[in-house]
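First comes the structure, then the notes that go with it.
The values are calculated or read from the model by the stated rules, or taken from the named source; none is laboratory data. Just so we're clear, the structure is a prediction, and the values are computed from it rather than from any experiment. Using ideal geometry, Cβ is built from the backbone for each residue, glycine included, and neighbour counts are taken over all protein chains shown. All accessible areas refer to the heavy atoms of the entire protein, side chains included, with ligands and DNA or RNA removed. Shrake-Rupley method; radii C 1.70, N 1.55, O 1.52, S 1.80 Å.
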Amino acid sequence: MRVAAVWQVLMPVARDIERVRIVTNSERGFEDMTISFADSFSGSLNTILRKFEKMTCVATAELC
């Protein structure tokens with residue numbers, strides 16, 4: 001279910017995604033996801049970040 005929710009956020013910008021990395025920490029009970037965008041990405045990363053922050057299954061979201 002969470003994957004589908006994440007995909008809904010990313011679908012409009014999917015062509016600009018270069019890499020997705022997911023790391024699961026079973027001891028702590030969470031997954032860490034890193035999404036790398038192409039240099040030519042013209043969308044708003046802040047808009048995407050705000051959408052993730054509104055999701056109940058997301059503990060934290062940050063731009064690096």
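Some points to look at:
- Test: residue in region 44-61 that is open to solvent by 90 Å² or more (accessible area, probe 1.4 Å) and at pLDDT below 85: no
- Check on Val9, of a type in the set (Val, Ile, Thr) and out of contact with any Asp or Glu (no Cβ under 7 Å at 6 or more places or on another chain): yes
- Some residue of region 20-41 being part of a loop (DSSP other than H, G, I, E, B), of a type in the set (A, V, I, L, M) and in contact with a helix residue (DSSP H, G or I) (Cβ under 8 Å, 6 or more places away or on another chain): yes
- Number of the exception - Ile35 against (1) in contact (Cβ under 8 Å) with a residue 24 or more places away in the chain; (2) open to solvent by 50 Å² or more (accessible area, probe 1.4 Å): (2)
- Members of region 17-33 that are at pLDDT 90 or above and not hydrophobic (A, V, I, L, M, F, W, C): Glu18, Arg19
- A count restricted to region 7-24 and to residues that are open to solvent by less than 70 Å² (accessible area, probe 1.4 Å) and in contact with a strand residue (DSSP E or B) (Cβ under 7 Å, 6 or more places away or on another chain) stands at 4.
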